Amino acid sequence: MKYVDAAVVQKKMNSRLATNSIAKTIFLLSTMFGLIVLAVLIFRVLSEGITWINIDFLTGRLSTHADRAGIMGAILGTLWLMVVVAPVTMLIGVGTAIYLECYAKRGRIHSFIQTNISNLAGVPSIVFGILGLTIFVRALDLGNIILAGGLTMALLVLPIVVVASQEAIRAVPAQLSEASYGMGATKWQTIKNIILPAALPGILTGAILSLSRAIGETAPLVVIGIPALLIPFPGGIMDRFTVLPMQIYYWTLDSSLVAEYANLAAATIVVLLVVLFLLNSIAIVIRNKFQQRY
């Protein structure tokens, strides 16, 4: 039997414990750094913008005069944009995931599609803006309306929904599907009644992440030419519009000329955070409801 020196073993253990302690400290400091930066940003935004938030600001129209500017048009534009993005993203994204996981045969074509979906998730958002400008604004001659902007943003966040939906479908135990087939159910009946309900919490998690990204993106909308000032309230998906991130972007640029625009931008950031929080809360409640059921 080979003799093991207790001192050597103790030395290795001490080294591993020290490494673990150092790694734990580094990770803790990284987390604290992110939280501190976030707290500073939120504090600065609230301190600069909270006093500018009132009924007139929330319900008024956009104006070149800082003291009379309102953001109701941008709020409505953001909500209308989500009306287009959410169903398009969910239908196409979940449908693609179902096809890839349940119908498509494993092979070169499947690998090619899967690789490209994964690559699309890392493409800069401005590239999707150029794509939307080429296809929806010019080729289809839609112009810079809500429908064109919503379809562009749907393309941007679609890979997130597809990947999240695939992971959720893979996480469903195979025994459930096999039991359904054993009782004589067809593939579509199994997908509709067994797989999708069980995978729905994971799918909704991906949808929440995708909508959170879509609601805060600016670059694609800048590329397709979304205006920022003095437009009427949008009343449908065929109307011209602006959104809260666009308004924040332009007011931040204008703050170098008029200092009050910085306060307007901060106030709009607060409103955007509240809108994002409300939309995410609704989605989380729906997800938790299905999670408890299945």
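The values are calculated or read from the model by the stated rules, or taken from the named source; none is laboratory data. The shown structure was predicted, so the numbers you read here are calculated from the model rather than taken from an experiment. Quick reminder, even Gly has a Cβ in these numbers, built from the backbone with ideal geometry, and neighbours come from all protein chains shown.
Quick notes on this one:
- Single condition residue 113 does not satisfy, out of (1) in contact with a Leu (Cβ under 7 Å, 6 or more places away or on another chain); (2) within 23 Å of residue 239 (Cα to Cα): (2)
- Total residues in the stretch 236-258, condition at pLDDT 85 or above and among the small types (Gly, Ala, Ser): 1
- The residue of the stretch 49-78 that is nearest to residue 226 (Cα to Cα), among those that are surrounded by 15 or more Cβ atoms within 10 Å (Cβ to Cβ) and without any contact (Cβ under 8 Å) to a residue 24 or more places away in the chain, is 70.
- Residue match in the stretch 137-152 (condition: touching a Ser or Thr at 6+ places or on another chain (Cβ under 8 Å) and surrounded by fewer than 20 Cβ atoms within 10 Å (Cβ to Cβ)): no
- Residue check, residue 109 part of a helix (DSSP H, G or I), of a type in the set (Val, Ile, Thr), out of contact with any strand residue (DSSP E or B) (no Cβ under 6 Å at 6 or more places or on another chain) and modelled with pLDDT of 85 or more: no
- Check on residue 274, assigned by TED's automatic domain parsing to the domain that holds residue 142, at pLDDT below 85 and hydrophobic (A, V, I, L, M, F, W, C): no
- The set of residues from the stretch 238-258 being surrounded by fewer than 18 Cβ atoms within 10 Å (Cβ to Cβ) and within 14 Å of residue 79 (Cβ to Cβ) comprises just one member, 239.
- Selection count, the stretch 166-222, where residues are surrounded by fewer than 16 Cβ atoms within 10 Å (Cβ to Cβ), over 28 Å from residue 115 (Cβ atoms) and either outside the structural domain of residue 100 (by TED's automatic domain parsing) or in contact (Cβ under 8 Å) with a residue 60 or more places away in the chain (or both): 1
- Just one of the listed residues (282, 269) is in a helix (DSSP H, G or I) and in contact with a helix residue (DSSP H, G or I) (Cβ under 9 Å, 6 or more places away or on another chain), and it is 269.
- Some residue of the stretch 131-141 being under 25 Å from the mean Cα position of the chain (by Cα) and without any contact (Cβ under 8 Å) to a residue 24 or more places away in the chain: yes
- Number of positions in the stretch 259-280 that are surrounded by 15 or more Cβ atoms within 10 Å (Cβ to Cβ) and farther than 27 Å from residue 210 by Cβ: 5
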